[in-house]
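Enquirer: Below you'll find the structure I mean.
The values are calculated or read from the model by the stated rules, or taken from the named source; none is laboratory data. Predicted, not measured: the structure shown is a model, and the values here were computed from it. Note: ideal-geometry Cβ built from the backbone for every residue, glycine included; neighbour counts use all protein chains shown. The accessibility values were calculated without ligands, DNA or RNA, using every heavy atom of the protein model including side chains. Shrake-Rupley method; radii C 1.70, N 1.55, O 1.52, S 1.80 Å.
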Amino acid sequence: MTAELDLNSLKKLVREILATTPDEIGCDECFDQLDRFVELELAGRSAAEALPLVQKHLERCANCREEFEALLAALRGIASSA
Ligand SMILES: [Zn+2]
């Protein structure tokens, strides 16, 4: 009986932890913020500190990292030719 109770509070706790620490974003969200991330990077600011969730996603997701690198390269090209 007490074990069942503990399991229930544990499940509740886990659910709360998962709900209050949305420390992962999906590719869509990452892409939405990618231009800002690249702009910060180009401005010499710490994009990883300003947008840690994007940074974290880029570390895990090869697709978005490719996207990021392509965008960065493209914007650097524009900046240097201007
Ligand atoms: Zn992604």
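Enquirer: Averaged per residue, what accessible area in Å² does the stretch 23-81 show with a 1.4 Å probe, protein chains only?
Expert: Roughly 67 Å² per residue, with all protein chains present.
Enquirer: Sum -39500 (n - 2.57) across every DSSP H segment of at least 4 residues in the chain, then divide by the residue count to get the 222 nm mean residue ellipticity, nearest 500.
Expert: Counting only the DSSP helices, I get -26500 deg cm²/dmol.
Enquirer: For the stretch 23-81, with only Lys/Arg (+1) and Asp/Glu (-1) charged at the beta-carbon, what is the dipole magnitude about the Cα centre, in debye rounded to 20?
Expert: For the stretch 23-81, the charge dipole is close to 260 debye.
Enquirer: Still on this structure: Give the residue list of chymotrypsin sites (Phe, Trp or Tyr not before Pro) in the stretch 25-82 that are DSSP loop and have at most 13 other beta-carbon atoms within 10 angstrom.
Expert: Passing both the DSSP loop test and the Cβ count: no residue.
Enquirer: Of the accessible area of the stretch 23-81, with the probe set at 1.4 angstrom, what percent is carbon plus sulfur?
Expert: Of all accessible area on the stretch 23-81, carbon and sulfur atoms account for 48 percent.
Enquirer: Separation between the Arg76 and Asp32 pseudo-spin-labels, each 7 Å from Cα along Cα→Cβ, expressed in nm?
Expert: 2.8
Enquirer: With a sphere of radius 12 Å drawn around the Cβ of Cys27, what net charge do the other residues whose Cβ falls strictly inside it have (Lys, Arg +1; Asp, Glu -1)?
Expert: Counting the neighbours of Cys27, the net charge comes to -4.
Enquirer: While we're looking at this one, here's another question. Which Rg and Dmax, in Å, describe the Cα atoms of the stretch 23-81?
Expert: 11.0, 38
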